[in-house]
Amino acid sequence: MIVLAGTIGAGKSSLTAMLAEHLHSQAFYEAIDNNEVLPLFYAEPEKYAFLLQIYFLNQRFASIKKALQHENNILDRSIYEDSLLFHLNADLGRATETEVKVYDELLGNMLEELPYAAKKKHPDLLVHIRVSFETMLSRIQKRGREYEQLEFDASLYDYYQELNRRYDQWYEDYNESPKIQIDGDRHNFVDDEVAREYVIKLIDEKLAEIRK
């Protein structure tokens, strides 16, 4: 089982689809387009940050439980980076101390239960897609979700910038499974066929190394 990680617009869904096809596996995607809480969060982040994170946490827990019970699955985002996202919102004043305490305890309980619920301790590989802030903004604009655009809320600029910055430290600290980092700027697998083949080759080699 492979889990992907990366900031908004990093290309997680694209790489998930590529790997699922390449490895003949099932893909698990984050609930975005049918997420009724997400537009509320972008409209009033101070009011809906906690609700949104609980929504995502529940979805990610269900997805990783299901994926870990079978062979050869790809998740385009996992429960392991959930804390990064919520604590950023908390640091921006969008969550109370009580909400942070409740969230941290709930996440801790879920991670403790995960090996029993899924019959497996951890993923086989985490793939982190690292992109520059400029690439992140370009792809957010390109995919065109109205509530994600800077024109919708200029304060999103600072939020996106800090989110992108924090992923570097998160990747360094991640120790739940073997991991690999892909430079999404240098190897633009979203638009470039040569880069796509190279990235898949890198991941194949890492999987072969893990199997040894």
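Read-outs throughout are calculated quantities, based only on the coordinates presented, and are distinct from any laboratory measurement. Small disclaimer: the values here were computed from a predicted structure and weren't measured. Glycine gets a Cβ as well: all are built from the backbone with ideal geometry, and neighbour counts include every protein chain shown.
A few notes on this one:
- Per-residue 3J(HN,Hα) values for segment 180-191, derived from phi via the Karplus relation 6.51 cos²θ - 1.76 cosθ + 1.60 with θ = phi - 60°, read 8, 10, 10, 7, x, 7, 5, 10, 7, 5, 5, 10 Hz in sequence order (x marks Gly and Pro).
- FRET efficiency, HIS70 to GLU105 (Cβ-Cβ, R0 22 Å, nearest 0.05): 0.15
- Applying a length cut-off of 24 Å (Cα extent along the axis) and a mean Kyte-Doolittle floor of -0.5 to the DSSP H helices of the chain leaves 45-68, 97-118, 193-211.
- Ranking of ARG77, ARG94 by neighbouring Cβ atoms within 10 Å, starting from the fewest: ARG94, ARG77.
- Shape call, segment 102-201: gyration tensor on alpha carbons, a/c limit 1.5: oblate
- Overall Cα dimensions of segment 133-186, principal axis frame, Å, largest first: 38, 22, 16
- Over the chain, DSSP H runs of length four or greater, each weighted -39,500 (n - 2.57), average out per residue to a 222 nm ellipticity of -19000 deg cm²/dmol.
- Cα gyration tensor shape of the chain, rounded if a/c is under 1.5, else prolate or oblate by comparing a/b with b/c: oblate
- Rg over Rh for segment 29-81 works out to 1.05, using Cα positions for both radii and the Kirkwood form for Rh.
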